[in-house]
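One structure is given below, encoded as C-alpha cells.
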Amino acid sequence: MQVGFIGLGHMGRGMAANLLAAGHALTVYNRSSDKADPLIGKGARLAKTPGDAARAQVVITMLADDHAVEQVVFDEGGVLDSLAPGAIHVSMSTISVALAERLAGAHRDKGQEFVAAPVFGRPDAAASAKLFIVTAGKPEAVATCQPLFDALAQSTFVVSQEAPKANLVKLSGNFLIASVIDALGEAIALVSKAGIDRAQYVDLLTATLFGAPVYKTYGALIAGERYHPAGFRAELGYKDVQLALNAAKDLQVPMPMASLISDRFLALIAGGGGSLDWSALGLLAKRDAGETTTMEPSE
C-alpha cells in the first residue's frame, strides 16, 4: 500500500519502520528531516512537505498535540489540500475530541475519509509492533487500514463508526493510567518512608493484586526513580488529562479525580518536571512525605 507517515518522534520512528518492514511503500515527513535518515536508508522516500506525504492511499499523522496536527492538516498545501478524494487520513495522535470532530468534517467536505486510531503503548511497544490501537470510522475505511494496523499492533479495537469516539476512549484511558501512576506514587512513598524496600514492594504488588502491565511498568519506574529519558513526558500527560476534562465538560460528566490529577501534573510542571516521564508524579508523593527529591534528570 502507498502510505504517507507524518511525525517521526519517539513513537512515530518505530511505527514507520514497522510499516516499511511489512512491505508498504512509505513516504515520510518530519519537521526535523534528519530523523528520517534511518528510514530513508531502508527504502522510504523523504517528503519535503506534509502535503507531499499526503499524496498516498493512506496518510498517517502521529504528532504531539492538537496544534501540531492542525498545522500539517490545515495549513496551505497541507494534508487537507493534498489528499486525493477517497484517500484516507488516519490520525494516530492523542488529540482532543473537538479537533477529531473538526477533522472528520473537513475531510468529509473534501470527499476524503478520516479514521481515528490513537494507540496505547510506550515507545518500546511502538518499535516492537506491540501497540494496542483504538479505532473508529467508516467500516470500509477501517477495513482498508487494517493491514497497516496489523503491522503496528498486537490488537485493534473498533469502538464506533464515528471517528471522534476513538479519541474519547483514548483520553479516558490516559486519565486512568495517570490515576494509577499517582496512586502508586503515594503508596510507594508510604512504605518507603517506613523503611520498606521500594522495588521489593512493587514486586509483591505486581505478583499478587496488581499484575497488569500498567502497574508493572510504572511501579518499576517509580521505585527506581527512572524518570529520564521520558517515554511520555509529564507535560503531555497534563495535556491529555485536560483534554479529558474538556470532553467531560461538553458531556456534562463530573470527573473530580481527573481534576485532582490535572493539578498534580501542574505542580510537577511548575516545579520543573515537565520534561520528565509522567511517572515522575511519584516525585510529588515523595516530596510531600518530606523526603529529598530533585527534578533534575538522572540517567
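Across the stretch 36-70, which residue is surrounded by the most Cβ atoms within 10 Å (Cβ to Cβ) among those that are without any contact (Cβ under 8 Å) to a residue 60 or more places away in the chain and of a type in the set (Val, Ile, Thr)?
59
So which of 270, 247, 280 is in the same structural domain as residue 193 (by TED's automatic domain parsing), under 18 Å from residue 96 (Cβ atoms) and not β-branched (Val, Ile, Thr)? Spell out the reasoning first.
Values: 270 fails: under 18 Å from residue 96 (Cβ atoms); 280 fails: under 18 Å from residue 96 (Cβ atoms).
None of the others qualify; the one that does is 247.
Those residues that are surrounded by 16 or more Cβ atoms within 10 Å (Cβ to Cβ) and either of a type in the set (Ser, Thr, Tyr) or closer than 24 Å to residue 198 by Cα (or both), I need them from the stretch 240-266; list them, please.
Hits for the stretch 240-266 are 261, 262, 264, 265.
What tally of residues in the stretch 56-70 results from selecting those that are out of contact with any helix residue (DSSP H, G or I) (no Cβ under 8 Å at 6 or more places or on another chain) and assigned to a helix (DSSP H, G or I)?
So the answer is 2.
Of all residues being over 18 Å from residue 289 (Cβ atoms) and among the β-branched types (Val, Ile, Thr) in the stretch 191-209, which is surrounded by the fewest Cβ atoms within 10 Å (Cβ to Cβ)? Just the residue, please.
It comes out as 208.
If you go through the stretch 230-238 one residue at a time, do you hit one that is surrounded by fewer than 16 Cβ atoms within 10 Å (Cβ to Cβ) and either at pLDDT 95 or above or outside the structural domain of residue 67 (by TED's automatic domain parsing) (or both)?
Going through the stretch 230-238, the residues surrounded by fewer than 16 Cβ atoms within 10 Å (Cβ to Cβ) turn out to be none.
No, every residue in the stretch 230-238 fails to be surrounded by fewer than 16 Cβ atoms within 10 Å (Cβ to Cβ) and either at pLDDT 95 or above or outside the structural domain of residue 67 (by TED's automatic domain parsing) (or both).
Checking residue 33 against (1) of a type in the set (S, T, N, Q); (2) surrounded by fewer than 18 Cβ atoms within 10 Å (Cβ to Cβ); (3) under 20 Å from the mean Cα position of the chain (by Cα), which test does it fail?
The single condition residue 33 does not satisfy is (3).
Assuming residue 93 fulfils every condition listed in (1) in contact with a Pro (Cβ under 9 Å, 6 or more places away or on another chain); (2) without any contact (Cβ under 8 Å) to a residue 60 or more places away in the chain; (3) polar (S, T, N, Q) apart from one, which condition is it?
(2)
The values are calculated or read from the model by the stated rules, or taken from the named source; none is laboratory data. Values in this document were obtained by computation on a predicted structure and should not be read as measured data. No Cβ is skipped: glycine too gets one built from the backbone with ideal geometry, and neighbour counts run over all protein chains shown.
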